[in-house]
Amino acid sequence: MKFDRPQTLKQLAELLVDVRIVGSPDFPVSGMNEIHMVEEGDITFVDLDKYYDKALSSKASVILIDKEVECPAGKCLMITPDPMENFNRLTRHFRPFIPAAAMVSPTAKIGRGTVVQPGAFIGNHVEIGQNCIIHANVTINDYTIIGDNTIIQSGAVIGGDACYFQRTKNGTFRKFESSGRAIVGNDVEIGAMTAVDRGVSGDTIVGDGTKMDNFVQIGHDTHIGKHVLIGAHSAIAGVTVIEDYVSIWASVMINKDIVIGKGAVILATSAVDKSLEGGKVYFGCPVVEARAKWKEMATLRALPEIVERMNRVLRDQEKQ
């Protein structure tokens with residue numbers, strides 16, 4: 001998320017608790033992003049051993065961190081016992097929750113020719129293009145952007161909070177506040193009861209021409225390319241990239257932080273746990289190339305007969 005105008009470290013520190021600046025208080029900060037989406041000029045945070053090096057070597061210009069480390073050249077640090085809470089404080093300040101006062105917010109911008117059916121909710125600062133159809137009981141949450149000629153079927157929720165929680169030492173969960181957006185392109189169709197989560201601090205993107213069936217889940221900060229087809233009951237976890245012209249058939253599960261290459265086809269009921277090369281057909285749990293999986297299945301089906309033949313040979317040998 002980018003700030004409306006750049007902030008200095010001193011200005012940010014005034015919004016936080018128990019922080020110490022390492023660097024110039026006048027250092028400019030243009031936005032905030034979690035570590036997987038960070039850009040130059042951003043502030044990010046880190047509080048886990050496995051991510052310290054990644055955060056310090058990232059494009060982030062400022063890092064909220066919970067231990068004393070050497071400050072990398074060209075960056076600043078804000079040292080605090082609780083980086084996540086202070087990051088959440090920034091989210092609540094720069095993108096606070098705004099209660100709705102109407103089913104269609106007066107701050108929403110809705111293009112010419114767009115139809116909003118009764119019972120649809122359009123949140124604050126939403127932008128919807130021309131000639132769209134928003135069916136009854138659709139929810140479009142704050143800051144969502146939707147292009148032209150897009151159809152959203154009943155019960156879909158666009159721009160809901162990311163499912164992003166940190167487990168505390170006592171076993172409970174703490175919410176990572178969402179400040180990102182959901183951005184849906186032109187000529188998209190989103191099926192009934194589908195959910196497209198907003199980014200945690202970046203954007204969840206659905207590309208032009210993409211079509212989704214009913215009951216699809218798109219996780220936070222995931223980028224769906226152009227002309228992608230997604231079947232019913234499929235779920236795509238956060239921070240995943242689905243490149244252009246991919247076909248994902250029904251009930252496919254796709255893990256987080258992976259890339260599905262351009263033109264790949266994933267057959268129904270598959271589970272994807274790693275990045276896939278484009279232009280190939282995949283199937284299985286875990287997924288492999290479909291031809292290899294079909295050969296494996298054919299071999300398994302033949303296995304009882306093979307075992308029975310072996311047993312007959314052994315019995316014949318014993319008789320001799």
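Mind jotting down a quarter of the surface of the convex hull over the alpha carbons of the stretch 82-135, in square nanometres, one decimal? Mind showing how you got there, number by number?
On the way: hull surface 19.1 nm².
Average of the hull's projected areas for the stretch 82-135 equals 4.8 nm².
Taking R0 as 22 Å, what FRET efficiency do you get between E70 and D26 from their Cβ-Cβ distance, rounded to the nearest 0.05? Could the numbers behind the result be given before it?
Working: r = 21 Å, r/R0 = 0.97.
Plugging the Cβ-Cβ distance into 1/(1 + (r/R0)^6) gives 0.55.
To the nearest 10 degrees, how steep is helix 290-319 against the longest Cα principal axis of the chain, on a 0 to 90 scale?
Roughly 40 degrees, rounded to the nearest 10.
What ranking of F45, F173, F283 emerges when the number of other C-beta atoms within 10 Å of each C-beta is taken as an exposure proxy, fewest first? The partial results should precede the final answer.
Values: F45 28, F173 10, F283 21.
Placing the least packed residue first, the sequence is F173, F283, F45.
Counting only C-alpha contacts under 8 Å and six or more residues apart, can you give the relative contact order of the chain as a whole percent? Mind showing how you got there, number by number?
Numbers: 863 pairs, mean separation 24.8, N = 320.
Worked out over the chain, it gives 8 percent.
Which FRET efficiency, nearest 0.05, do E39 and T168 yield, Cβ-Cβ r, R0 30 Å?
Details: r = 29 Å, r/R0 = 0.97.
Result of the calculation: an efficiency of 0.55.
Report, to one decimal in Å, the Kirkwood hydrodynamic radius for the stretch 95-177 based on all distinct Cα pairs. Can you show the working numbers first?
Numbers: mean 1/r = 0.0722 Å⁻¹.
Mean inverse Cα-Cα distance, inverted, gives 13.9 Å.
Can you give me the orientation-averaged projected area of the convex hull built on the Cα atoms of the stretch 109-239, in nm²? Present the calculation step by step, with values, prior to reporting the outcome.
Working: hull surface 30.2 nm².
Convex hull of Cα atoms, orientation-averaged projection: 7.6 nm².
Would you order W294, W249 from fewest to most other beta-carbon atoms within 10 Å of each residue's own beta-carbon? Could the numbers behind the result be given before it?
Numbers: W294 13, W249 18.
Least to most surrounded, the residues fall as W294, W249.
Angle check, please: helix 83-94 long axis (alpha carbons) against the longest principal axis of the chain (alpha carbons), in degrees 0 to 90, nearest 10.
Approximately 60 degrees, to the nearest ten.
How large is log10 of I(q)/I(0) for the stretch 1-154 at q = 0.16, 0.18 Å⁻¹ when the intensity is taken from the Debye formula with one equal scatterer per alpha-carbon?
-0.83, -0.92
Can you list the GluC sites (Glu not before Pro) in the stretch 193-296 that are in a DSSP coil and have 14 or fewer other beta carbons within 10 angstrom?
Numbers: sites: E243, E277, E289, E296; in loops: E243, E277.
Answer in residue order: E277.
Would you calculate, for the chain, the mean residue ellipticity at 222 nm contributed by helices, counting each DSSP H stretch of 4 or more residues as -39,500 (n - 2.57) and dividing by all residues, to the nearest 500?
Details: 4 runs with 52 residues, N = 320.
After summing the helix terms and dividing by the residues of the chain, the value is -5000 deg cm²/dmol.
Long-range amide H contacts for V104: which residues qualify at under 5 Å (H placed 1.01 Å from N, peptide plane, sequence gap of 5 or more or a different chain)?
Result for V104 returns I122.
Which value in nm describes the separation of the simple spin-label points at R312 and K211, placed 7 Å from the Cα toward the beta carbon?
Inter-label distance under the simple model: 5.0 nm.
Provide the convex hull volume over Cα atoms per residue for the stretch 170-320, in Å³. Can you show the working numbers first?
Working: hull volume 22.6 nm³, N = 151.
Enclosed volume per residue, from the Cα hull, is 150 Å³.
Over all Cα pairs of the chain, how is the pair count split among 20 Å bins, expressed in % and running from 0 up to the last occupied bin?
With a bin width of 20 Å, the distribution comes to 29, 47, 18, 5, 1.
Among rounded, prolate and oblate, which fits the stretch 132-195 when a ≥ b ≥ c are the square roots of the eigenvalues of its C-alpha gyration tensor, a/c under 1.5 means rounded, and a/b larger than b/c means prolate? List each step's numbers first, then the result.
On the way: a/c = 3.72, a/b = 2.40, b/c = 1.55.
It comes out prolate by the Cα gyration axes.
Over the stretch 197-276, what lengths in whole Å, largest first, do the semi-axes of the equivalent ellipsoid take, defined as the square roots of 5 times the eigenvalues of the alpha-carbon gyration tensor?
Working: eigenvalues 54, 34, 31 Å².
Values for the stretch 197-276, descending: 16, 13, 12 Å.
What is the order of D203, D221, fewest Cβ neighbours within 10 Å to most?
Values: D203 18, D221 27.
Least crowded to most crowded, the residues run D203, D221.
Values in this text are rule-based calculations from the coordinates and carry no lab data. Because the structure is predicted, anything quoted here is derived from the model rather than measured. Every residue, glycine among them, receives a Cβ derived from its backbone with ideal geometry; neighbour counts consider all protein chains shown.
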